[in-house]
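Data first, discussion second: the structure below is written as structure tokens.
The values are calculated or read from the model by the stated rules, or taken from the named source; none is laboratory data. All figures in this text were calculated on a predicted structure; none of them were measured in a lab. Please note: Cβ atoms are built from the backbone with ideal geometry, for glycine as well, and neighbour counts cover all protein chains shown.
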Amino acid sequence: MRVIIVEDHTLLREGVARLFGEAGHHVIGSLSSCEDLDDLIERTDPDLVVLDVRLPPDFTDEGARAAAEIKNARPHLGVLMLSQHIETTHSVSLAGLPGFGYLLKDRVLDVVEFLAAAERVAGGGSALDPHVVSRLLDRTYRADRISTLTDREHEVLRLMAQGLTNTGIARRLALSERTVEAHVRRLLMKLDLDDSDDANRRVLAVVRYLGVATESA
């Protein structure tokens, strides 16, 4: 996996680069701001861009805006945002796209989970921090279809949006896979979403729905 890292904190940038390197991935570029990011992407053709949400010069949402521009110009390029804060303005629309992830920075401490999330995003999958998912769900909870979900279906939806498969959800909730499958089937029916057998497509469909619901709430 070929990775570009955009992070203004030198120690974190170097630490993340080391994690990727030790896992056998190739960090082909690292930047402290988005100023030269487009040019670097054009020259190196990465599989994944990892970037902070808040970057120089203003430390507001530079990284989030850059992520949106990247996904608009290169839909198949994986983008993983890292942040100490939850930014929903841009992430709502990005969350429904393939190859997008949003993790809080403390998730980097769980190296195995972080690298698995990065690899999933680079491969076109999703990786959303549970706290990010909670914020999106909280903002959309007043939507009519979301409000029809039971507490258990709501919990399953959160885990689906994090990228867990039915097997993973069953383990997390101590339920049988058959029970989880039933919950997924019912909640997708309530949300008027296609009940695809492909777990990743279901996740993307659910998160895309949440983005639409948020915009209309």
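Determine which member of the set Pro56, Pro46 is touching a residue at least 40 places away in the same chain (Cβ under 8 Å) and in contact with a Ser or Thr (Cβ under 8 Å, 6 or more places away or on another chain).
When all the criteria are applied, what remains is Pro56.
When the residues of the range 15-31 are filtered to those that are touching a residue at least 12 places away in the same chain (Cβ under 8 Å) and out of contact with any helix residue (DSSP H, G or I) (no Cβ under 7 Å at 6 or more places or on another chain), which remaining residue is surrounded by the most Cβ atoms within 10 Å (Cβ to Cβ)?
Here the answer is Phe20.
In this structure, does Gly63 turn out to be in the same structural domain as Gly24 (by TED's automatic domain parsing) and more than 10 Å from the chain's Cα centre (by Cα)?
Judged against the criteria, Gly63 is a match.
Could you please give the count of residues in the range 1-31 that are within 21 Å of the chain's Cα centre (by Cα), more than 12 Å from Val108 (Cβ to Cβ) and among the small types (Gly, Ala, Ser)?
Residues that pass the stated criteria total 2.
Could you say which residue among Asp39, Asp52, Asp47, Asp8 is farther than 20 Å from Ala127 by Cβ, of a type in the set (D, E, K, R) and touching a strand residue (DSSP E or B) at 6+ places or on another chain (Cβ under 7 Å)?
Asp8
Residue under question is Asp61, and the condition is that it be farther than 20 Å from Pro130 by Cα and surrounded by fewer than 15 Cβ atoms within 10 Å (Cβ to Cβ); does it hold?
So Asp61 does not fit the description; no.
Only one residue in Arg142, Arg152, Arg120, Arg185 is in contact with an Asp or Glu (Cβ under 7 Å, 6 or more places away or on another chain) and either modelled with pLDDT of 85 or more or surrounded by fewer than 15 Cβ atoms within 10 Å (Cβ to Cβ) (or both), so which one is that?
Every option except Arg185 fails the conditions.
Restricting attention to the range 36-81, and to residues there that are polar (S, T, N, Q) and not in a loop (DSSP other than H, G, I, E, B), which single residue is modelled with the lowest pLDDT?
It comes out as Asn72.
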